[in-house]
Structures are given as C-alpha cells and as structure tokens.
1. Given the options 381, 107, 179, which has the most mean-square fluctuation in a GNM of the chain, springs set between C-alpha atoms less than 10 angstrom apart?
2. Treating the angle as unsigned and between 0 and 90°, give the value, to the nearest 10°, between the Cα long axis of helix 122-133 and the longest Cα principal axis of the chain.
3. Output wanted: per-residue J couplings in Hz (rounded whole) for the range 326-342, from phi through Karplus 6.51 cos²θ - 1.76 cosθ + 1.60, θ = phi - 60°, x for Gly and Pro.
4. Cα convex hull of the range 196-300: how many Å³ per residue?
5. Principal axis extents for the range 3-160, Cα atoms only, whole Å, descending order, please.
6. If each residue of separation counts as 0.36 nm, what is the full-extension length gain between residue 59 and residue 357 once their alpha-carbon separation is subtracted?
7. With springs only between Cα atoms under 10 Å, which of 43, 98, 64 fluctuates most in a Gaussian network model of the chain?
8. Could you give the size of the charge dipole of the chain about its Cα centre, using +1 on the Cβ of each K and R and -1 on the Cβ of each D and E, expressed in debye and rounded to the nearest 20?
Amino acid sequence: MKKKVVLAYSGGLDTSVAIKWLKLRGYDVIAYMADVGQFSSSKNAKERAFKAGASRIIIEDLKKDFLEEYVFQTLKAGAVYEGEYYLATALSRPIIAKGVVKAALKLKATSVSHGCTGKGNDQVRFETTFTSLAPQLEIIAPVREWELKTREEEIKYAKKHNIPIEVTKKSPYSLDSNLWGVSIEGGRLENQNVEPDEDAYQITKSPAAAPNKPVCLTISFEKGVPVKLNGATLSSIKLVAMLNQIGGTHGIGRCDLIENRLVGIKSREIYENPAATILHKAHNTLEALVLDRETLHFKKMMSLKYAELVYYGLWFTPLREALDKFVDETQKFITGDVKVKLFKGNITVAGRNSKYSGYIKELATYGEGDVFDSSLAKGFLRLWALPYAGKVKIK
C-alpha cells in the first residue's frame, strides 16, 4: 500500500513538478490548495495537478477565516515587521499549513509536504506549523531535496513527464498574493540600486499617475475590528477588497524594503498593501485617541514581538496565544470612526471620533474654556525631577 502525502499545492511550477517527483518515489499524492485570495486560477491548477499525478485535489475557501482569524488579529496587535511589512505572505502560511495537517489527519496520510526553497522564510513557516500541530507526520521538502538545480531543469522535467506548464513569457519577478497584499521579488529587483519598473506592481498605481483629486473614507471599528466603510456595513472580504481597489487607485500601499530574513540573509522585497496600510493607519489613530498612555506605549513594544512571531512562523505557539489575550483586552474600547484622506500615495487623518475618547478639549485647550489647573504643575515638577537632583555634573 502506498504511503499518502498531502502537499501544500499552489499550482505553480515547483509544486506541480513536486507531485510527479513524490509519485515516482512511491507516494500517493493528495494536493491541497487553499484559497486566500491569490491571483492563480484554481481550475487550471486542478487540471495540472491531476496531469502531474495527484490522486486527489482538495480546494478549500479560507478567505473569511484568513481575514478574521489571522489578519484582523494582527491588525489589532499593530504588528508590522521592521516597520513596513504588513505580513501578508507570512500570515497566509499558518492557515494553509493548518489546512494541510487537517487533511492529512482526516485522510490518514503519513506525510505532509511543501514547495518552498531552502533559502526563504516559508519553509520555516510551513514546517514549524506542521510540527506544532502534528509532530508525528513526516515532512518532505522536494525543492530542497531534489536533483533539479534551476528553473530551466524543472521546466525540462515537466515537459518530460507531460506536466502542462505556462508557455507565456516568464515574468522576471516572483509573486505571491492574497487578500491582504502582494509580495514581489527577484529579477532586476535583486539590484538594490535599481528602482522598480511599473510593471512590477500588480494592484497599485504610481502616485504620479493617481487621480488629481483626493478621496475621503470613513472607517468604523468595533473592538479593534473594521466593520464599516463610509457608513455601510460590509463583510470582511468586501471591506478589504474595496480598500485595496480604492487605495491602489490612489497609489497607497507601496513599499520597497531591505528585509532581514529569518534564515540570516538580507533580501529586497517590494510589497503592495493598500488595505493594510489604510487600516493600520486608521487603527493606530483610534488607539491613540482611546488608550491610556502606559497601555499604548507598552502595546507598541509588544507589537514588535508579535510581528516577529508571525514573520518567524511561530503562530501556533503559547506566546502568541498569550499575547492575543493582552491584545483583546486592549481592544475592548477601540470602537469609533476614523476619517482618512487619500491623495497620490499619501494618507492624511481628517478626523476621529469615539465614545471612549480620552481627549478632553477643556483640558487640552489654550483658549477660552480652559479648566486645567496650572498651579498644580509646580509641585508635580519638583517631585518628578527629585530623583535626578545633582546627579549629573556640568562638564
């Protein structure tokens, strides 16, 4: 009886070749494909999987779960890796890997597999999730193990085994997309002194080519989660899709980052994240209005760690679960509206409102109606500076 393996299948060259490679080594290959809003066609991928030798293909729609259980939790945490990466690709890996594990356990497979290289972060994210959820399963990484050294060799292998591949001109870029954003790397982008060509971008206009009139949007949050756009209640999928479309039209969400990969190398990554950029800006604005100073400042430190956990593939860990409890506690009163103005790649906050606002105009104003008792400042300042009195000598 053949051993069963469930492969995290994207429909691309690597995983299509991996099906045949695994089958020739005696495995019954089940291809698992998760829909998280990527560009690729599931119909073409399904046909390719069967022609490559898969005995079965599972296609699961995870878009809603991806946004509501992974993306929005990270939004509430304020997690952004190295200040600019909104973690679109990193967030998709644990939910896909979890789907692979569930399928493997249900179908009584002995192994799980992925199509990641030995140089990237995704191998870590997949394999750490596999091990966290089902350590008894064997993990196979064909791209790390096989004899095929180049893309050209993979193409020859595919043709030899009658695996249908795209015959259009090869894109110079490596792309990964989902509802939360697009990752672009490779080709001319590997030269850090070269500005990306416009054809590298997939969902955003150049700010220079964006409309000459700004657009204003009002985003409503409930307990840290975006629920309305311009007063209309929308599903998570619709809301994010609309923000991607509107933001992309106005040149919002482009990022060119030299990034520290988990494996120890620096890589250049181009990202497009219109919805993520808008929502994080609005969410940060609402938190600044509502949270007390000490909670807000401590949360910003926690956000850095949360981003690292996501980036490092440590989603299914006790620390992430513990941090979620803290995050959810901080979000109990993050309810309100934020108005943003989008114009040629820039986001400006044009207003914010919450019934839990900590802003009191009568205390903040320098004009008529000021109720702040400045006479209290003298004693406060004496006590504040007391520990440092005479501690530093004038040089």
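Please treat every number below as a calculation from the coordinates, not as lab data. Because the structure is a prediction, the values reported are computed rather than measured. Positions of Cβ are backbone-derived with ideal geometry, glycine not excepted, and every protein chain shown enters the neighbour counts.
1. Sorting by GNM fluctuation, first place goes to 381.
2. Once rounded, one gets 90 degrees.
3. Values, residue by residue: 5, 4, 4, 5, 5, 8, 4, 10, 8, 10, x, 10, 10, 9, 10, 10, 9 Hz.
4. Numbers: hull volume 15.6 nm³, N = 105.
About 149 Å³ per residue, rounded to a whole number.
5. So the extents along the principal axes, rounded to whole Å, are 48, 35, 29.
6. Working: separation 298, 0.36 × 298 = 107.28 nm, distance 4.46 nm.
Taking residue 59 through residue 357 to full extension adds about 102.8 nm, to one decimal.
7. Ranking 43, 98, 64 by mean-square fluctuation puts 43 first.
8. Numbers: 58 positive and 45 negative charges, 122 e Å.
It comes to approximately 580 debye.
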